[in-house]
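The values are calculated or read from the model by the stated rules, or taken from the named source; none is laboratory data. What you are looking at is a predicted structure, and each value in this text was computed from that prediction instead of being measured. All Cβ positions, glycine included, derive from the backbone under ideal geometry; neighbour counts span all protein chains shown. Ligands, DNA and RNA are stripped out before the accessible areas are found, and what is left, the full protein with its side chains, is counted by its heavy atoms. Shrake-Rupley method; radii C 1.70, N 1.55, O 1.52, S 1.80 Å.
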Amino acid sequence: MSHTDSWAPRPWQTALEDDWIDFNGHMNLAYYVLAFDHATDRFLHHIGLGEAYFRRANRSVFVLETHVVYHREMRLGDRMRFTTQLLGHDAKRLHYIHHMYHATEGFLSAVNEIMGLHVDMAARRSAPMP
């Protein structure tokens with residue numbers, strides 16, 4: 001895989017949903033993963049491998065591995081800001097990382113590193129990316 005850390009899509013922001021808060025008064029870990037999944041959707045769209053690509057080419061990207069590190073809690077009323085960085089790729093795989101920041105205070109809340117696999121949906125097997 002080649003290292004391409006100079007490339008990154010534009011950061012985006014979203015609000016923390018009320019029902020994402022657990023009994024501890026902070027964002028539940030499952031919703032961190034959901035928020036990072038939304039960041040992945042935006043990233044794949046940005047690089048031309050999103051839903052429109054799936055509908056046109058019947059190919060998609062599946063997650064092979066994901067790793068989340070929690071640094072600081074997000075609480076009700078907080079807004080999240082995400083950045084995504086492509087770390088590397090080869091013919092079939094994408095290696096990228098999301099950083100979730102508190103949108104107004106600026107602190108790093110969590111990091112999600114992902115290895116994705118390009119898949120031919122008809123064969124349900126890996127396939128080279130265009």
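Take the residues in region 47-62 that are among the small types (Gly, Ala, Ser) and on the phi < 0 side of the Ramachandran plot, then tell me which one is surrounded by the fewest Cβ atoms within 10 Å (Cβ to Cβ). Spell out how you get there, then give the answer.
Within region 47-62, the first condition is being among the small types (Gly, Ala, Ser), and the residues that meet it are 48, 50, 52, 57, 60.
In the following step, the residues that additionally are on the phi < 0 side of the Ramachandran plot were identified as 50, 52, 57, 60.
On the way: GLY50: 17, ALA52: 11, ALA57: 13, SER60: 19.
Per the criteria, the residue is ALA52.
For region 7-19, indicate whether the set of residues that are in contact with a helix residue (DSSP H, G or I) (Cβ under 6 Å, 6 or more places away or on another chain) and among the hydroxyl-bearing types (Ser, Thr, Tyr) is non-empty.
No, the conditions are met nowhere in region 7-19.
Please go through region 63-79 and pick out each residue that is modelled with pLDDT of 95 or more and open to solvent by less than 50 Å² (accessible area, probe 1.4 Å).
Selection gives VAL68, MET74.
Please determine whether any residue of region 13-20 is closer than 15 Å to HIS102 by Cα, open to solvent by 70 Å² or more (accessible area, probe 1.4 Å), in contact with a strand residue (DSSP E or B) (Cβ under 6 Å, 6 or more places away or on another chain) and modelled with pLDDT under 90.
Within region 13-20, the first condition is being closer than 15 Å to HIS102 by Cα, and the residues that meet it are 13-17.
So of that shortlist, the ones also open to solvent by 70 Å² or more (accessible area, probe 1.4 Å) come out as 13, 17.
Filter once more, keeping what is in contact with a strand residue (DSSP E or B) (Cβ under 6 Å, 6 or more places away or on another chain): 13.
Subset that is modelled with pLDDT under 90: 13.
The answer is yes; a qualifying residue exists.
Quick check: anything in region 41-64 of a type in the set (A, V, I, L, M, F, W, C), under 13 Å from ILE97 (Cα atoms) and in contact with a His (Cβ under 8 Å, 6 or more places away or on another chain)?
Kept after step one, since they are of a type in the set (A, V, I, L, M, F, W, C), are these residues of region 41-64: 43-44, 47, 49, 52, 54, 57, 61-64.
Next, from what is left, pick out any that are under 13 Å from ILE97 (Cα atoms): 43-44, 63.
When the remaining residues are screened for being in contact with a His (Cβ under 8 Å, 6 or more places away or on another chain), the result is 43.
Looking through region 41-64, at least one residue is of a type in the set (A, V, I, L, M, F, W, C), under 13 Å from ILE97 (Cα atoms) and in contact with a His (Cβ under 8 Å, 6 or more places away or on another chain).
The conditions are (1) in contact (Cβ under 8 Å) with a residue 60 or more places away in the chain; (2) closer than 16 Å to MET27 by Cα, and ASP90 fails exactly one of them. Which is it?
Evaluating ASP90 over (1) in contact (Cβ under 8 Å) with a residue 60 or more places away in the chain; (2) closer than 16 Å to MET27 by Cα leaves (2) as the failure.
When you check THR83 against the structure, is it touching a Pro at 6+ places or on another chain (Cβ under 8 Å) and surrounded by fewer than 19 Cβ atoms within 10 Å (Cβ to Cβ), yes or no? Walk me through it before giving the result.
Details: touching a Pro at 6+ places or on another chain (Cβ under 8 Å): yes; surrounded by fewer than 19 Cβ atoms within 10 Å (Cβ to Cβ): yes.
Yes, satisfied.
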